[in-house]
Amino acid sequence: MNAVGFPLLSLLTFLPLVGAAITMSVRGEDAVVARNARWIALWTSLGVFLLSLILWARFDRGTAEFQFVERVSWLPEFGVGYHMGVDGISVLFVLLSTALTPICILASWEAITARVREYMVAFLVLETMMVGMFAALDMLVFYVFFEGVLIPMFLIIGVWGGARRVYAAYKFFLYTLLGSVLMLLAILYLWREAGTTDIPTLHRHAVPIAAQAWIFFAFLASFAVKVPMWPVHTWLPDAHVEAPTAGSVILAGVLLKMGAYGFIRFSLPILPEASAQFAPLIFVLSVVAVAYTSLVALAQEDMKKLIAYSSVAHMGIVTIGIFTFNQQGLSGALFTMLAHGVVSGALFLCVGVLYDRVHSREIARYGGIAGIMPSYGLVFLFFTMASVGLPGLANFVGEFLVIVGAWKVNPWVAAGAALSMILGACYMLLLYRRVAFGRVTREDLRALLDLSPREYAVFVPLVLVTLWMGVYPQSFLDVFETSVAALIQRHEAALSAARLAGL
Amino acid sequence: MSWTLALPELVLAVAGLLILAVGVFPKRDTFFPASMAVIGALLLTAVLVLGQEEGTAFGGQYVSDSFSSFMKLLTILGGALGLLLALDWNEKEGLDRFEFSVLVLYATLGGMVMVSANDLMATYLGLELLSLPLYVIAAFNRDDARSSEAGLKYFVLGALASGLLLYGASLIYGFAGSTNFDRLAEALDTAQGASPGLVVGIVFVIAALAFKVSAVPFHMWTPDVYEGAPTPVTAFFAMAPKVAAIALLARVLLGPFGDVAAQWQQVMLLVSMGSMLLGAFAAIGQRNIKRLMAYSSIGHVGYALMGVAVASDEGLRGLLVYMAIYIVMNVGTFAVIVAMRRGGRAVEQVDDLAGLGRHDPAMAMWMAVFMFSMAGIPPLAGFFGKLYVFLAAVQGGFWVLATVGVLTSVVSAYYYLRIVKVMYFDQGAGALDRAPASLSVVMAGTGLFNLLFILWPAPMLAAAGAAAAALLT
């Protein structure tokens, strides 16, 4: 089964922990420790990224089976094992996590000056949790990683965050935990029901229809908070605004994907009837999220908050796509998740560039930046356009597919999804105009320096990926096509079986 | 036969007498050597427990099975580590008298007798042997009003609990005709269940033991005693007596009264849920870390008692795993609390930990590990403790219990997080004194256990499973 002959996924998952242990053991004067910690963290995460490219290269796109499977006995008498593997749905998210981590570390190079060692350790631990979560094929292992994310993220927001960091860190932690423990009950129920927590086995297990609704809502409680869906999105703007730049990038880029990934991995295949039954509810919540948070974004004075609300809107598109249960919708949702991971991450980095120089996120504090920092203005414009859904850039492909998929289900839902593109253009262009164009009203801004070589190193890969995804999306769609097709087929088979049983 | 089966207890009792006899002669203080001797005796006893045969002795008063071995090892662990925490503290506070270590030894012995009790008389004997030394060491700092108050309060309420136990035992004897657990099990193995008088007796016994484990509604003494007693004594209170009393509760309810579970189950469900709720909500407002830990321990007892309340094999296994992990988390946390000194004076406010992440990164890291573990966040050990009791509740179909359990664990996460927040996010009032080596070792050892438990949980689960099976056959 394992195509490379060594436990690649475990290596990807736990190598960052090794890096964290080495980082932790660095001793000496503060400046030396900080420098060494940065380099160790950067090399570790780059090494992990390069290893993950093997995953990408050796991944067999022709099959929907799980690949690179590893299985170690862990709690044999409970039917729980350490079971790792990826299919077309998860492999790209592993790559997204490993790619964003070095970028985050690079982006924090100068922005973080206090307790650098601990910061780098927290990021490496976070990487372990993220990769492990996307690669886990056992529900309990998944849960461990899913929850484990909270600890480093709580510390990152709380220690290195902005003025209201304590409030934001608590809110993030408790909100997410509350959702997750309800999911734990659902997992325990499935465990009792099927005698195992092995995900592929559960995919083949038919859960009694009477129980499905309860399980569905328990999962929904966790995933909806994580996505986040309206009305449980309120932790997100706070966490985003207060987190340090790199923390926001990981939050937007990877952590928000965990909820949507959960829907695809658990809700759809394990609870097909309940998913179909409650799809309209998800559509309503998503369309409300798109309309409401887009309008809220229009009124924001804080750049990070604006982008945070735009994330909620984009994730609304994703949840619509997931619950269309057709090839276009699901592929579009997955593609949007990836695109949003790259683009919104990059937008937070763009805000970070200004914040590092001026220490303000207020939109009104800026103006005419494009004239002062032309290269930065171009990069910011590029990602603004990508976020708006300009054809040829990443987001367009995903959102277009979701709208097509939604149209097949219900044109009104498609209209709701399309609303995101219209309103998105409004608030993003407004943001860009107020920050980058116009006259320079504050004289101190004239002294700002344009992008440094380090910042180029951060942005260039993101720009290239965004272009690649927009111009030749097939190379990504290829990866999940087979898995998505298999998922839909199983879903429809389960539904028709239920219908037959009902007759 | 009887004497050889009870060898661990006998060896420990004789060792205690010897240490007591030798200890009175030297003029200088002998706290340190006496403590080392007691820890050595406890370790020897642990080895003997490992090699103990199964069977009953003393006319059915005493029983040895893998359940008793498991719980005895935990009791001994609690005793030995509790004493280890006291080494440095007692010296600094001028409490370094050798009687302290001997009293800890006898309290641990009492706990072991309780765990092995197979008769209501032996139960009472063990409970008193456990309690009397506890009353003394709670008031060990006799010049401190708070400590004296703690000892007195514990004594008065503890005596009441002992009375309840005796009254319950006499009712059970009157209505069932025996005090022996095996005999009771036979008497109750009938279709009509327990008579109302017997149920009243059971409830009295439950009340007495709930007092000892500080479960709601018999928890009122806990915060005051925990706060007033010297800190290492508080740590000891939270471990050995709790393990022994919970073991006894499990043995009484699931052993002789296992057949009439339906008649006492509601009581245990209420006790469990009440403890979880109180532990979660009442701790939120606490500023004193010992008081906070008192409420936290009430909450933890609530989770552990879920395992008794569901009255099943899985529940008992969950309980055993929970107690084992709880002991380790608790020792670590108290090692940090015992180490909290500023300028040579012990401090015990949560805010005194402010800025610890900067001043003493190692201690702060371990404390954070213990707090996340207590909150039940994976991948730390505390999560697995909760996981198995929740699993047992779900398997038994106790949805309300399980839901209350998970929701209160979110509420309690709030105050555990507050300690992490104080250590890492707040500015410090000043550095704490360096922790003595003995405490640093305990912190690192228990911290590593919490971190690494996930790698190899199978042996403990297997041991707990075997112990649970031994009780329920």
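Just so it is clear, none of the values below were taken in a lab; they were calculated from the coordinates. Predicted model only: the values in this text are computed from it and were never measured. Please note: Cβ atoms are built from the backbone with ideal geometry, for glycine as well, and neighbour counts cover all protein chains shown.
Structure data summary
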{"read-out": "Unit charges at the beta carbon, dipole of chain B: most positive-side option, B:Ala294, B:Val400, B:Gly258", "value": "B:Ala294"}
{"read-out": "Eligible aspartates and glutamates near A:Lys257 by straight Cα distance, threshold 15 Å, same-chain separation 8 or greater", "value": "A:Glu127, A:Glu147"}
{"read-out": "Percentage, to the nearest whole number, of Cα pairs in the range A:211-317 over 16 Å apart", "value": "56"}
{"read-out": "Mean separation of Cα contacts under 8 Å (6+ apart) over length of chain A, as relative contact order %", "value": "15"}
{"read-out": "Per DSSP, loop GluC sites (Glu not before Pro) in the range A:61-114 with at most 13 further Cβ within 10 Å", "value": "A:Glu110"}
{"read-out": "Helix axis angle, B:196-212 relative to chain B longest principal axis, alpha carbon, degrees", "value": "20"}
{"read-out": "Out-of-range pairs (alpha-carbon distance over 32 Å; input B:Lys27/B:Lys72; B:Lys72/B:Lys421; B:Lys290/B:Lys386)", "value": "B:Lys27/B:Lys72; B:Lys72/B:Lys421"}
{"read-out": "With Cα atoms, 0 to 90° folded angle of helix B:361-375 axis to chain B main axis", "value": "30"}
{"read-out": "Neighbour-count order for A:Lys226, B:Lys421, B:Lys92, fewest beta carbons within 10 angstrom listed first", "value": "B:Lys92, B:Lys421, A:Lys226"}
{"read-out": "At 1.567 mPa s and 4 °C, Stokes D of the range B:292-437 from Kirkwood alpha-carbon radius, µm² per second", "value": "81"}
{"read-out": "Tilt relative to chain A, helix A:453-471 - C-alpha long axis, 0 to 90 degrees, to 10", "value": "40"}
{"read-out": "Separation of alpha-carbon centers, the range A:476-503 and the range A:356-410, rounded to whole Å", "value": "35"}
{"read-out": "Cα-based Kirkwood hydrodynamic radius, the protein assembly as shown, one decimal, Å", "value": "29.9"}
{"read-out": "Partner chain coverage, peptide A:155-161 - average Cβ within 10 angstrom", "value": "3"}
{"read-out": "About the Cα centre, charge dipole magnitude for chain A (Lys/Arg +1, Asp/Glu -1 at Cβ), debye", "value": "720"}
{"read-out": "Neighbour cut-off at most 11 other Cβ (10 Å), DSSP loop, chymotrypsin sites (Phe, Trp or Tyr not before Pro), the range B:418-473", "value": "none"}
{"read-out": "Rg/Rg_ref, the range A:8-502, where Rg_ref = 2.2 N^0.38 Å and atoms are Cα", "value": "0.93"}
{"read-out": "Within the range A:238-389: Cβ-based charge dipole about Cα centre, in debye rounded to nearest 20 (Lys, Arg +1; Asp, Glu -1)", "value": "180"}
{"read-out": "Tensor-based shape of the range B:83-162 (alpha-carbon gyration tensor, a/c under 1.5 rounded, otherwise prolate or oblate)", "value": "oblate"}
{"read-out": "Dipole moment magnitude, nearest 20 debye, the protein assembly as shown about Cα centre, only Lys, Arg, Asp, Glu C-beta charged", "value": "1980"}
{"read-out": "At 1.002 mPa s and 20 °C, Stokes D of chain B from Kirkwood alpha-carbon radius, µm² per second", "value": "97"}
{"read-out": "Order of A:His203, A:His233, A:His240 - criterion: other Cβ atoms within 10 Å of each residue's Cβ, fewest first", "value": "A:His203, A:His233, A:His240"}
{"read-out": "Loop-located chymotrypsin sites (Phe, Trp or Tyr not before Pro) in the range A:279-373 whose Cβ has at most 13 other Cβ within 10 Å (DSSP)", "value": "none"}
{"read-out": "Set of aspartates and glutamates with alpha-carbon distance to A:Lys171 below 12 Å, sequence-local pairs under 8 removed", "value": "A:Asp238, A:Glu242"}
{"read-out": "Relative contact order (%) - criterion: Cα under 8 Å, at least six apart; region: the range B:2-472", "value": "15"}
{"read-out": "Residue order, fewest to most surrounding Cβ atoms within 10 angstrom, among B:Val310, A:Val287", "value": "A:Val287, B:Val310"}
{"read-out": "Euclidean distance between Cα centres, the range B:29-75 to the range A:206-258, Å", "value": "50"}
{"read-out": "Dipole of the protein assembly as shown [Lys/Arg +1, Asp/Glu -1 at C-beta], most positive-end residue of B:Asn141, B:Ala368, A:Gly247", "value": "A:Gly247"}
{"read-out": "Selection from A:Gly79, A:Ser97, A:Val69 lying farthest towards where the dipole of the range A:55-105 points positive, charges on Cβ", "value": "A:Ser97"}
